[in-house]
Structures are given as structure tokens and as C-alpha cells.
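First up is the structure itself, then whatever we jot down about it.
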Amino acid sequence: MKDANVKEKIQRLLISNAVPIIFVLLSAVAIPLSGFTPQYLIQEMMTRVARNSFLVLSLLIPILAGMGLNFGMVLGAMAGQIGLILISDWSVSGLPGMLLAALIATPIAVFLGWICGTVLNRAKGREMVTSYILGFFINGLYQLAVLYGMGKLIPIRKAELVLSRGYGIRNAINLQGIRHCLDDLIPLKIGDMSVPLATYLVIAAFCLFILWFQRTKLGQDMRAIGQDMAVADSAGIPVERTRIIAIIISTVLACYGQIIFLQNIGTMNTYNSHDQAGMFAIAALLIGGATVARATIGNVFLGVVLFHLMFVVSPMAGKQLIGQAQLGEYFRVFVSYGIIAISLALHAWKRQKDRERARRSLRGQAA
Amino acid sequence: MTRRNAVRLALLAALVALGALLFLLGKEHQLFIDNQNVTVSGRDLAPIESLRVSVAGGEPMEFMADDRDVTVVRGPRASIRVEVLDQDGKVLKTVDASLSFSFEDRAMISLPALVEGLPYRLEPPGAQ
Amino acid sequence: MNDKLRSFIEAAGWPRVIIGLFLLSLFVAAPFVGVRVDTSLSDTLVRVGMNGVMVLALVPMVQSGCGLNFGLPLGIIAGLVGAVTSIEMDVRGLPGFLVAMAIAIALAVVLGYAYGLLLNRVKGDEMMIATYVGFSSVALMCMAWLLLPYKSPNMIWGYGGSGLRTTISVQGYWLKVLSDFMSFNVGPYFYFPTGMFLFFALMCFLMWAFFKTKTGTAMTAVGSNPEFARACGIDVDRMRIVSVVLSTVFGAIGILVYQQSFGFIQLYMGPFYMAFPAVAAILLGGASVNKASLLNVIVGTFLFQGILTMTPSVINSIMQTDMSEVIRIIVSNGMILYALTRKVQVKR
């Protein structure tokens, strides 16, 4: 009897953590294949964790509120980018420049988050697909504003930001002015490796904020909505409004996350940077073992490390294995999307099984 | 006006003020440094033969007569150190000054005027 | 008269009426801004023919309650493999096209079956998973295109490379083999691809006929009320799998029709986003997440492709800029958003 229990426990552990386990195995194979030194990998991981964690953390609150993966975080990324375009135009640089970009982008992010939340409230039960499409839609509006409006309707002073035809922002903007301004704020070197201490402090502060938030009334309301909307509603919680607030918070955080991301990279791809922000953040979170209904801070960091490890290692591993680095690139894309598909499928499968079990017990049969 | 609205308005004003402060602190200015003929306070000043200038503790720049150079300065204040050199490169005279800016994109200073202790801010080149 | 108008609008739905009027106004405005109406009309019709079968492919899954098939790329991939293999076998003309179709359909049945099994395990979340299954399979095929042992010089990278090129021309093989069949021109600017339309009509007829059969009606029953269908003795899971297979097969056929008109086979990331225009079209035609008819397909494809053809050319002429891509993004995604946010009856 006891053996069966232990076996069942192990089975359940494996299934619920299937995704990170698969990933660890994949990495264990690919890392030696790629030929990178441990030192290089550790330095890369430190940089990437500092760069990407904030974006991934912004996904936690909508999951808490039962709204699934917030594909609408690209809206926040777009708001952040608009802020950065403006400060680049005004030649405001350094840490004040970055903070000013965040300050300007915040109302834009709040507005976009409000739109996203309102749209999602009208698509209950289909939040993820809707936020996904909404991301594309707003991307279209963003391109309308940035590729056509800026320079014509919105005055841009610096000629080097503008395309040769006279209006519209260039494809790549040099953010040299704010490059590493947060990372290098508190310089720290361990041996050969430079550690972006200030960024880590900001991330740590944000983690504390999330932990504190979950204890506030608003946070508890969101958790209640996440568990059961109908029950929360009858308990007097303003469901619609709270959901919108959850999305707004997530969007604003994604905005800041994108600014942190770009200050590390130093160049902004005006029309592409935000696309990948959403995709990679969600893939990372799922790889860390989070599901659509439950995500912890641990999932975030584990996921960022595993995802980026695979990201860095697969092109070289692909090259060694087959002789084409291009293969590694496609492998990376395949794994990112495949992971999301597998995670979503596992989660949905579990939910279906739970529902069937509940239905059978209602019918009076053994589960 | 309700108390709540007053608080919100105050908060908004504070944010705008913060924005202005950040703008001031982070604004980059193109500083033109001029070593040419200039008339200031009724005096005609000639360019100085050989100078070394360091702005905000940065790389020293060499100036001959009639030179004009440009550098980028960030923030509302920048220190400037001007050393007048003789033909062997020995320092004859050192002048330390502090420049202040607000929100402008460009500024220009005149080295002859600065060395003489006269007002040294000029109109920067280029229409806005 | 007023009553008739009102009932027509109610039946058609405001969005369709508004879009229809918008499209009409574009056609009216066109000559005044230097855009030829006959070219535009011809272009629109060609695009309707090109995309129609892929939009049609969405119907079975919607009817069976599997939602909008964002995983259409899976069927498209089957079609691509068929096309590429047919060229590798160097079969030209109509036989080449038929060989491509045969291979594509065979592969689509297999892929569709596996896909259907997956969707049966995730009832209720099909759309999200469909999207990512579609994406991952495109990415997987990206690797495959590099590795598969195709040798035809028309398709391989030059200078002794291996792996397929990104874009492969079908000229000389089966370019326009359907479109040109019995096609006619009216003046130098109007080209009517009769063959392609006949084929599209054939596909529509097959779909219509299918839904009149016992299997077809069972499928619709499963979509509208699975519990009731089960009580009637219908195997819900089997019906869903059949719908997925059907959808994938039509997707494969659809991309072949598209390619013979377009002239190129687009590999690698080409099929990545191809589900979205089809979804936008059918939703624009009045379909919802769990109900779609042939009328939705035809009206929707026409309206959607019309907007996509006319809006950029008219606006470009007015504003002297090329905004077509951005407009395409805004319009197609706006359509899908509208449909997703409509209040629906109990879905599960």
C-alpha cells in the first residue's frame, strides 16, 4: 500500500514539474556540446537575469487574478519604448533620462493597460487568445504612431532619429545615453565578472513588493477572483474593476521591465524589441514550472535561467551537432513555442481531468 | 474642490515637478568652446595662442588661436578648468570656473573672455 | 421598406453592414484618387479565390466546438510538403498539382489525426494551444526544411548548399494551373481566374454536402450541445477528430490553391501567421467562435480581401505613403478582437 503511495507521489511530482525537468535534461546535453566555458555562461546568466527578470515578474499578478498569461504585456513594452524615443529626442541621458522615460511612459502604460483590461473583461474565459490578438492590434496602432505620426504630427527634433523620408522613427535607435545606466550605478566586480548590482536591488525590491502586495486587501481580492469569480462576486468584490487593476499593474510593470531591458542592451529595435519581450517572458515563466493558474517568484528566476541558458547554448550546440548554426536558431524558436504549447496543454489536460472527475463524482460513480 | 481631488492634484503637480527635475538633471547640452575674436563688455579680445581645457574632469582638449571645439555636457552644472600654456607647454595661468545650464540644447563660451574674468557666455551657433 | 431594411441589418449584423458600406465607399472613391476600379476588383476577386479554401478550412472545427483553428499552419505545412515533393518529382502542369494535392492530403490526414487527439485532451482551451501547436510546428519544419534530402536544383540553395530555399518559384510547374483554366480578361486590367473560382465552388459544395450527411449533422450537434450529442449516442471525441482532420486537409488544399495563384512556395517562417487572416475573414463574415456557415466564409473572405486590397491602395494614393502593412495589421486584428469580445452563450 505504502509503495503505491510513494510511486503515486513521485509520478505526480514528475508531471507537475515536467517542463523544468525536460529543460534541465536538454540543457545538460546541450551545454557540453556547445563548448562554452562555465565562466562565460555564468556571466551571461547574471546579465540576462538582471535584464529579463523584471519583465517576467510583471506576469505574476494577472495569473494571481485568474486571468492567465498576460500576452498584453507587449502594450507595456510599447509604452516604455515611446518614453525612450522621447528622451532620446530630447537628449536626456543617464539615470535621470531613464527615470524620465519611465515617468513619461507610465501614463501611457496605464491607459493601454486600462484598454487591455476592459477588452479582457468582455472576453471572459478567452483572456489569453484575446490579449494575444490585442497585442497585435495595438502593435498596429503603435506602428501607425511611430512610423507615420512621429515626425509629422508629433514633432521630433533630432534628425538622426528620423527615417530619410522625413518622418517616422528609424528601425534602430542608439540608446548610448542610457546604456547600462542602471547596471553600472553601483559597480561591482567579482573576479573577472561584472555584476549589475543596482539592477538586482531593483528586482529584489520588486519581489518584496509582490510579496507584500499579495497580503494587501487588493491582492487577496485578486486571489479570490482567481479561484472563483462567481464566489468573489457574491462576496462583494468588484470583480470587473479589480481585474482591470490587475492588468494595469502588469502593463506598467512590463513598461518598466522593457526600459530596464533596453538600458542593458543599449539599442532599441523600434519595431521588433517589444514583440519578443512578451514571447520570451512567457516562455521563461512556463519553463520555470509556472502554469496558467499558478506562478511563484521561484518560477520566474528558475525559468529565466533555464530559458536563457538554452537560448545561449542552442545555436552553438546545433552547429556542433549538425554543422549549421542556423539549425540551432530554429531549434531555439521551436523549443520556445513548443514549451508554451506543452505547458498550456498539460495545464488544460489536468483541468479537464479535474472537471471529469468532479462530474463523475456528481453522477455518483467512483472517481 | 474635494479633499481627495486636492490631494490628487498635488500628487500630479509633484510628478510634473519630478519630471522637470529629471529633465534638468539628465539633459545633455552641446557645449561649444570658442577661442576666437570676441567683443565683450566693450573690450575687444584676441584669441589666445595655446590653451588646454578640461570640462567636468574629462579628457583635456587642446586649443590654438581661432579654434572652436564642441563637447557634450550633462546636467545643470559643469566645472571647467582652463590652462593658458606658453610655447613650451608650461602652464602660465589656470582659471577654474563653473558653468550652469537649464534646458537648452546648445551653449557656447568664449575662452578669451573667461580667462580675462569677463562674462563669457555667447550665443551658440545653429538655428533651433 | 424600413422594416425590411432593419431586418436585413439585424440579420447581417452591424459590423458586416458597416464594413460593407466602407468597402463600397472605397470602390466609389477609387477612381477619384487615381485607382482603377477594374484592377482593384480583379485583384480582390483573385485574392478571394486564393484565400477562400483556407477560410473554408475553419468551418469544420468551429462547427464541432473546437473553436477557431489557429493551428491552421499544420495543414499548410502538409500542403507545403506536398508541393515541394511534387516539384522534386519533377511533375509539371495539372498532374503536378494533383500529385502535390495527393501527397498533401495524405500527410494532412496523419497530422490532423494527431492534432485532433491532442485537442481532445484539452477541451475548453483549444484556441490557445492551437496557436502554439501551429507555431511550434512551423519552427520544427524550419529545421526540417534545412535537413530533408531534397535535391532538385530549383529548390536548393545555390553553390552546393544543402537545404531548401526560403521561396521556391512554381513557374514552369503548375503556376496558375487552376486560375488560367477558362479564365477570361475584360480589357487589359481585368482578369478573372475562372478555374480557381470553379475549384473554390467545388470545395464549398463538398463542404456543404458533407454537412448534410449523417456525420456532418452529428458534428454540428457535437458543437452546439456536446451532452445532448453524447446522449444521442454520438461519439463526441471521434467527431472532433474528424473535424480536425477535415480542417487540416482543407488547409493543405487551401495553401496549394494559394500557391498556384501566387506563384511561390513560401517555406520557413512563411506559414507562421497564416491562420490569422483566415480567422479574421470568417469572423468578419459573421461567424462566431462556435458557429460558422458557408455564407460566412464567402461573404467574409470577400469583405476581408476587399478591405485589404482597397484600403491601402486608396489611402496610399490619398496620402502618398505606403501604409498597407500597418492597415492590414490593424484591420485584421481588429476584426478578430471584435469577434472575441462578443457576448456568447454558454460555451462549455
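Of everything in segment B:19-39 that is among the charged types (D, E, K, R) and facing chain A (nearest Cβ under 8 Å), the residue that is most open to solvent (accessible area, probe 1.4 Å) is B:GLU28.
Given segment C:1-89, what helices (runs of 4 or more DSSP H) lie entirely inside it while holding 1 or more residues that are among the charged types (D, E, K, R) and over 20 Å from C:GLY285 (Cα atoms)? Break it down into steps so the answer makes sense when it comes.
Numbers: elements: C:2-12, C:14-29, C:37-56, C:58-63, C:72-88.
Correct list: C:2-12, C:37-56, C:72-88.
Residues checked against (1) away from every other protein chain (no Cβ under 14 Å); (2) closer than 13 Å to C:ALA57 by Cα; (3) not acidic (Asp, Glu):
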| site | (1), (2), (3) |
| --- | --- |
| C:SER247 | yes, yes, yes |
| C:GLY251 | yes, yes, yes |
| C:GLY254 | yes, yes, yes |
| C:PHE276 | no, yes, yes |
| C:GLY286 | yes, no, yes |
| C:VAL289 | no, no, yes |
| C:GLN305 | yes, no, yes |
| C:MET323 | no, no, yes |
| C:GLY334 | no, no, yes |
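Taking strands (runs of 3 or more DSSP E) as the structural unit, those lying wholly within segment B:29-128 and holding at least 2 residues that are over 27 Å from A:TRP90 (Cβ atoms) correspond to B:38-40, B:43-45, B:50-55, B:61-64, B:77-85, B:91-100.
Just the residues that are open to solvent by 30 Å² or more (accessible area, probe 1.4 Å) and more than 26 Å from A:ILE178 (Cα to Cα), please, taken from segment B:68-83.
Taking segment B:68-83 first, the residues open to solvent by 30 Å² or more (accessible area, probe 1.4 Å) are B:68-72, B:74, B:76-77, B:79, B:81, B:83.
Hits for segment B:68-83 are B:ARG68, B:ARG81, B:GLU83.
Pick from segment B:68-117 the residues that are among the hydroxyl-bearing types (Ser, Thr, Tyr) and within 14 Å of chain A (Cβ to nearest Cβ): which of them is farthest from B:VAL55 (Cα to Cα)? Top of the filtered list is B:SER102.
A:LEU144 falls short of the stated requirement of being within 11 Å of another protein chain (Cβ to nearest Cβ), under 19 Å from the mean Cα position of the chain (by Cα) and not polar (S, T, N, Q). The set of residues in segment A:60-92 that are buried (at least 24 other Cβ atoms within 10 Å of the Cβ) and not in a helix (DSSP H, G or I) comprises A:ALA65, A:MET67, A:GLY68, A:LEU69, A:ASN70, A:PHE71, A:GLY72, A:VAL92.
Just to be sure before I move on: is A:ARG126 at pLDDT below 90, out of contact with any Ser or Thr (no Cβ under 7 Å at 6 or more places or on another chain), farther than 22 Å from A:LEU86 by Cα and at the interface with chain C (Cβ under 9 Å from one of its Cβ atoms) in the structure I sent? If you could, list the steps in order and put the result at the bottom.
Numbers: at pLDDT below 90: yes; out of contact with any Ser or Thr (no Cβ under 7 Å at 6 or more places or on another chain): yes; farther than 22 Å from A:LEU86 by Cα: yes; at the interface with chain C (Cβ under 9 Å from one of its Cβ atoms): yes.
For A:ARG126, the condition - at pLDDT below 90, out of contact with any Ser or Thr (no Cβ under 7 Å at 6 or more places or on another chain), farther than 22 Å from A:LEU86 by Cα and at the interface with chain C (Cβ under 9 Å from one of its Cβ atoms) - is met.
Taken over segment A:118-129, the residue count meeting the criterion of being open to solvent by 20 Å² or more (accessible area, probe 1.4 Å) and small (Gly, Ala, Ser) is 1.
Of the residues examined, C:LEU246 is not one that is touching a strand residue (DSSP E or B) at 6+ places or on another chain (Cβ under 6 Å) and in contact (Cβ under 8 Å) with a residue 40 or more places away in the chain. Scanning segment C:74-91 for residues that are open to solvent by less than 50 Å² (accessible area, probe 1.4 Å), on the phi > 0 side of the Ramachandran plot and touching a residue at least 60 places away in the same chain (Cβ under 8 Å) turns up nothing.
Those helices (runs of 4 or more DSSP H) of segment C:187-268 in which 3 or more residues are open to solvent by 30 Å² or more (accessible area, probe 1.4 Å) and closer than 26 Å to C:LEU175 by Cα occupy C:194-212, C:236-262.
For segment A:302-331, filtering for residues that are surrounded by fewer than 20 Cβ atoms within 10 Å (Cβ to Cβ) and facing another protein chain (nearest Cβ under 9 Å) leaves 4.
Here C:ILE298, C:ILE282 are screened, and the one residue that is under 12 Å from C:ASN51 (Cα atoms) and open to solvent by 10 Å² or more (accessible area, probe 1.4 Å) is C:ILE298. The listed residues are A:ILE104, A:ILE115, and the only one of them that is open to solvent by 30 Å² or more (accessible area, probe 1.4 Å), away from chain C (no Cβ under 12 Å) and out of contact with any Lys or Arg (no Cβ under 6 Å at 6 or more places or on another chain) turns out to be A:ILE104.
In segment A:252-297, of all residues being in contact with a strand residue (DSSP E or B) (Cβ under 8 Å, 6 or more places away or on another chain) and not in a helix (DSSP H, G or I), the one that is nearest to A:GLU44 (Cα to Cα) corresponds to A:GLY266.
From the list B:ALA97, B:ALA56, B:ALA46, B:ALA65, pick out the single residue that is open to solvent by 30 Å² or more (accessible area, probe 1.4 Å) and within 14 Å of B:LEU118 (Cα to Cα).
Working: B:ALA97 fails: open to solvent by 30 Å² or more (accessible area, probe 1.4 Å); B:ALA56 fails: within 14 Å of B:LEU118 (Cα to Cα); B:ALA65 fails: within 14 Å of B:LEU118 (Cα to Cα).
Exactly one of B:ALA97, B:ALA56, B:ALA46, B:ALA65 is open to solvent by 30 Å² or more (accessible area, probe 1.4 Å) and within 14 Å of B:LEU118 (Cα to Cα), namely B:ALA46.
If we scan segment A:303-314, do we find a residue that is small (Gly, Ala, Ser) and within 13 Å of the chain's Cα centre (by Cα)? Yes, the conditions are met somewhere in segment A:303-314.
For first residues located in segment C:116-145 and facing chain A (nearest Cβ under 7 Å) and on the phi > 0 side of the Ramachandran plot, partners that are of a type outside the set (Lys, Arg) and part of a helix (DSSP H, G or I) and lie 6+ apart or on another chain with Cβ distances below 8 Å form the pairs C:GLY124/A:ALA348; C:GLY124/A:GLN352.
Within segment A:246-262, the residues that satisfy the criterion of being open to solvent by less than 10 Å² (accessible area, probe 1.4 Å) and under 13 Å from A:GLY278 (Cα atoms) are A:SER250, A:THR251, A:ALA254, A:CYS255, A:GLY257, A:GLN258. Restricting attention to segment C:170-187, does a residue exist that is closer than 25 Å to A:GLY318 by Cβ, more than 14 Å from every other protein chain (Cβ to nearest Cβ) and not basic (Lys, Arg)? Looking for residues that are closer than 25 Å to A:GLY318 by Cβ, more than 14 Å from every other protein chain (Cβ to nearest Cβ) and not basic (Lys, Arg), one finds none in segment C:170-187, hence no.
Scan segment A:287-301 and tell me whether some residue there is more than 30 Å from A:LEU100 (Cα to Cα), within 11 Å of another protein chain (Cβ to nearest Cβ) and open to solvent by less than 50 Å² (accessible area, probe 1.4 Å). Step through it out loud before you land on a result.
Here is the first cut: in segment A:287-301, the residues more than 30 Å from A:LEU100 (Cα to Cα) are A:287-296, A:298-299.
Then keep just the ones that are within 11 Å of another protein chain (Cβ to nearest Cβ); that gives A:292.
Right, trim to open to solvent by less than 50 Å² (accessible area, probe 1.4 Å) and you get A:292.
For segment A:287-301, residues more than 30 Å from A:LEU100 (Cα to Cα), within 11 Å of another protein chain (Cβ to nearest Cβ) and open to solvent by less than 50 Å² (accessible area, probe 1.4 Å): present.
Kindly establish whether C:SER152 is within 11 Å of another protein chain (Cβ to nearest Cβ), among the hydroxyl-bearing types (Ser, Thr, Tyr), more than 30 Å from A:GLY68 (Cβ to Cβ) and outside any helix (DSSP H, G or I). No. If I ask for residues that are farther than 15 Å from B:THR71 by Cα and of a type in the set (Asp, Glu), which ones from segment B:90-128 would you list? Correct list: B:ASP96, B:GLU116, B:GLU123.
Among the residues of segment A:193-223, those identified as within 20 Å of the chain's Cα centre (by Cα) and β-branched (Val, Ile, Thr) are A:THR199, A:VAL202, A:ILE203, A:ILE210.
Comparison of C:GLY65, C:GLY75, C:GLY49 shows that the only residue that is within 16 Å of C:ILE298 (Cα to Cα), touching a helix residue (DSSP H, G or I) at 6+ places or on another chain (Cβ under 6 Å) and of a type outside the set (A, V, I, L, M, F, W, C) is C:GLY49. Screening A:LEU14, A:LEU41, A:LEU57 for residues that are open to solvent by less than 10 Å² (accessible area, probe 1.4 Å) and away from chain B (no Cβ under 14 Å) leaves exactly one candidate, A:LEU57.
The values are calculated or read from the model by the stated rules, or taken from the named source; none is laboratory data. Values in this document were obtained by computation on a predicted structure and should not be read as measured data. Glycine gets a Cβ as well: all are built from the backbone with ideal geometry, and neighbour counts include every protein chain shown. Please note that ligands, DNA and RNA were not included when accessible areas were found on the heavy atoms of the full protein model with its side chains. Shrake-Rupley method; radii C 1.70, N 1.55, O 1.52, S 1.80 Å.
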